[in-house]
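> Pasting in a structure now, in structure tokens, and then I'll have a few things to ask.
The values are calculated or read from the model by the stated rules, or taken from the named source; none is laboratory data. Just so we're clear, the structure is a prediction, and the values are computed from it rather than from any experiment. Heads up, the Cβs are rebuilt from the backbone with ideal geometry, glycines too, and the neighbour counts pull from every protein chain shown. Ligands, DNA and RNA are stripped out before the accessible areas are found, and what is left, the full protein with its side chains, is counted by its heavy atoms. Shrake-Rupley method; radii C 1.70, N 1.55, O 1.52, S 1.80 Å.
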Amino acid sequence: NTVATIHCCLHPAFEMAVRDDIIRKNPCHGVLGEISNDLGKNKGVRNALTLDQQQAFMNYMDGHEVYDHWWPIFMILLGTGCRCGEFIGLRWQDIDMDKRTIDINHSLVRVKRHRGDPARRLGVSLPKTESGIRIIPMLDQVHDCFKRIYEEQLVTGFNETEIEGMSGFIFKNANGDVLCEQNLNSAIRRITESYNMDEEVKAAKEKREPLLLPHFSVHYLRHTFCTRFCENETNIKVIQAVMGHKNFKTTMDVYAEATGNKKQEAMQNLSAKWKEF
């Protein structure tokens, strides 16, 4: 979208230059189409952590003297598939611990800065799509994480931030404000860099190839959840409902990629049972 916007400015400017005999031809002719074709080659490819990478990332934080407090936060992200804005906007009233459900009914988004506003301001918005308004059942691990965070905040204090009349937000940063995408991405970068350094040393001692984590953003965790879900669920409508995908094709793209990676495993299982046929 950004490239298209810039193209809309450049193309008519160069057309005027051609008309005024400053240049012979418009260098913007056909460029946007070429870029669109290149982007189309990767259409449907989602970035997700492999199962080994996911386990390595979570296991490294669990019990770590520096990063352990991030473990429940990333477990909830990995266990719900929430978009970042939906996640940081969760309030305690959106959580039903008895029914074990999460009500996704709004999102926190960065709003346009006006004179007098602080450098960073968040506002309340509806989820990205109408399908984004949904109920997500909790995994047992997610339920335990919310319970852990609640018990910790009984001691440390709850988030008192108010945004456009909303309060009671669950997650908070070191200053007591709501988390933002930058907080989460910075934490991921620090954790992965620390893990990779430790893993390289450990692998060298054990004389094996290290299992290194890639550089990734918080949005990878949504794709990772969707991939794990697709690997274990065949009902596409259920996946679509939990993920809040408006477009059925979005769900199918992830499902096709996830199940494609399972082909080898499926064939091995079939081979083991072949003599029974």
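> Quick check on the stretch 185-208: of everything there that is of a type in the set (V, I, T) and surrounded by 15 or more Cβ atoms within 10 Å (Cβ to Cβ), which residue is nearest to the chain's Cα centre (by Cα)?
Step by step, filter the stretch 185-208, then rank; the result is I188.
> From the list E130, E151, E160, E164, which one is more than 17 Å from L78 (Cβ to Cβ) and at pLDDT below 90?
Going through E130, E151, E160, E164 in turn, the sole match is E130.
> Does any residue of the stretch 151-165 turn out to be touching a strand residue (DSSP E or B) at 6+ places or on another chain (Cβ under 8 Å), in a helix (DSSP H, G or I) and crowded, with 18+ Cβ neighbours inside 10 Å?
no
> If we keep just the residues of the stretch 169-184 that are modelled with pLDDT under 95, part of a loop (DSSP other than H, G, I, E, B) and open to solvent by less than 90 Å² (accessible area, probe 1.4 Å), which is nearest to V155 (Cα to Cα)?
G176
> Out of (1) over 21 Å from Y67 (Cα atoms); (2) of a type in the set (D, E); (3) modelled with pLDDT under 95, the odd one out for E209 is which?
E209 satisfies every listed condition except (3).
> Identify, from the list H245, H215, H223, the residue that is within 21 Å of the chain's Cα centre (by Cα), open to solvent by 80 Å² or more (accessible area, probe 1.4 Å) and either at negative phi or hydroxyl-bearing (S, T, Y) (or both).
Among H245, H215, H223, only H215 is within 21 Å of the chain's Cα centre (by Cα), open to solvent by 80 Å² or more (accessible area, probe 1.4 Å) and either at negative phi or hydroxyl-bearing (S, T, Y) (or both).
> Something else now. Can you tell me which residue in the stretch 137-148 is nearest to I170 (Cα to Cα), limited to those that are open to solvent by less than 50 Å² (accessible area, probe 1.4 Å) and over 17 Å from the mean Cα position of the chain (by Cα)?
Taking the candidates together, the pick is F146.
> Does any residue in the stretch 64-91 that is in contact (Cβ under 8 Å) with a residue 12 or more places away in the chain come within less than 7 Å, Cβ to Cβ, of a residue that is among the acidic types (D, E) and part of a helix (DSSP H, G or I) six or more places away or on a different chain, and which pairs are these?
Within 7 Å, the pairs are C84/E181.
> Here is a further query. Give the residue, chosen from T192, T224, T259, that is closer than 21 Å to I135 by Cα and out of contact with any strand residue (DSSP E or B) (no Cβ under 6 Å at 6 or more places or on another chain).
After applying the criteria, what remains is T224.
> Return a yes/no flag: does the stretch 169-179 have any residue that is of a type in the set (G, A, S) and over 26 Å from the mean Cα position of the chain (by Cα).
For the stretch 169-179, residues of a type in the set (G, A, S) and over 26 Å from the mean Cα position of the chain (by Cα): absent.
> Would you check if there is a residue in the stretch 24-38 being surrounded by 13 or more Cβ atoms within 10 Å (Cβ to Cβ), modelled with pLDDT of 90 or more and touching a Lys or Arg at 6+ places or on another chain (Cβ under 9 Å)?
Looking for residues that are surrounded by 13 or more Cβ atoms within 10 Å (Cβ to Cβ), modelled with pLDDT of 90 or more and touching a Lys or Arg at 6+ places or on another chain (Cβ under 9 Å), one finds none in the stretch 24-38, hence no.
> Now a separate question. Output the residues belonging to the stretch 226-235 that are surrounded by fewer than 21 Cβ atoms within 10 Å (Cβ to Cβ) and either farther than 17 Å from P137 by Cβ or of a type in the set (S, T, Y) (or both).
Hits for the stretch 226-235 are E231, T234.
> Of the residues R134, R121, R110, R100, only one is open to solvent by less than 30 Å² (accessible area, probe 1.4 Å) and among the charged types (D, E, K, R); which?
R134
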